[in-house]
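The values are calculated or read from the model by the stated rules, or taken from the named source; none is laboratory data. These numbers come from a predicted model, not from an experiment. Heads up, the Cβs are rebuilt from the backbone with ideal geometry, glycines too, and the neighbour counts pull from every protein chain shown. With ligands, DNA and RNA removed, areas are computed over all heavy atoms of the protein, side chains included. Shrake-Rupley method; radii C 1.70, N 1.55, O 1.52, S 1.80 Å.
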Amino acid sequence: MLVRNPALFYAGRLYTSMRGIGTHDHDLIRIVIVRSEIDMLDIKAEFQRKYGKSLESFIKGDCSGDYKRALLCLVGDPSWK
């Protein structure tokens, strides 16, 4: 799937890092930082399409404080402040 649709692959990895109880912070941070300047807009669109919620709403529901604000800034959420 990575070769055919990288954005969908990373959307799935982000979802997996935040679903259920607890967050897999290492995976979440690594993907957001590495992909933030490459194809984050495409990943966000695939995330919305596949899971019916925005990536930003998942981050807001799963993270808090400066950690949440940093992630939201990196994914391009204008309300990160």
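Counting other Cβ atoms within 10 Å, keep those with at most 10, restrict to DSSP loop, and tell me which GluC sites (Glu not before Pro) in segment 23-81 are left. Display every interim value, and only then the final one.
Details: sites: 37, 46, 56; in loops: 37.
Sites meeting the loop and neighbour criteria: 37.
Could you work out the per residue convex hull volume over the alpha carbons of segment 42-81, in cubic angstrom?
Working: hull volume 2.4 nm³, N = 40.
Convex hull of Cα atoms, per residue: 59 Å³.
With the other protein chains left in place, how much accessible area per residue, in square angstrom, belongs to the chain at a 1.4 angstrom probe? Working shown, then result.
Values: 5040 Å² over 81 residues.
Accessible area per residue, the chain: 62 Å².
With a 1.4 Å probe and all protein chains left in place, how much of the accessible area of the chain comes from carbon and sulfur atoms, in whole percent?
Working: 2760 of 5040 Å².
After summing per-atom areas, the C and S share lands at 55 percent.
Output the relative contact order of the chain, whole-number percent, from Cα pairs under 8 angstrom with separation of 6+ residues.
27
Count the lysine pairs in the chain whose Cα atoms sit under 18 Å apart, keeping only pairs 8 or more residues apart in sequence or on different chains.
Values: 44/53; 44/60; 44/68; 53/68; 60/68; 60/81; 68/81.
Qualifying lysine pairs in the chain: 7.
Distances over 17 Å make up what percent of all Cα-Cα pairs in the chain?
Numbers: 1216 of 3240 pairs.
Tail fraction, whole percent: 38.
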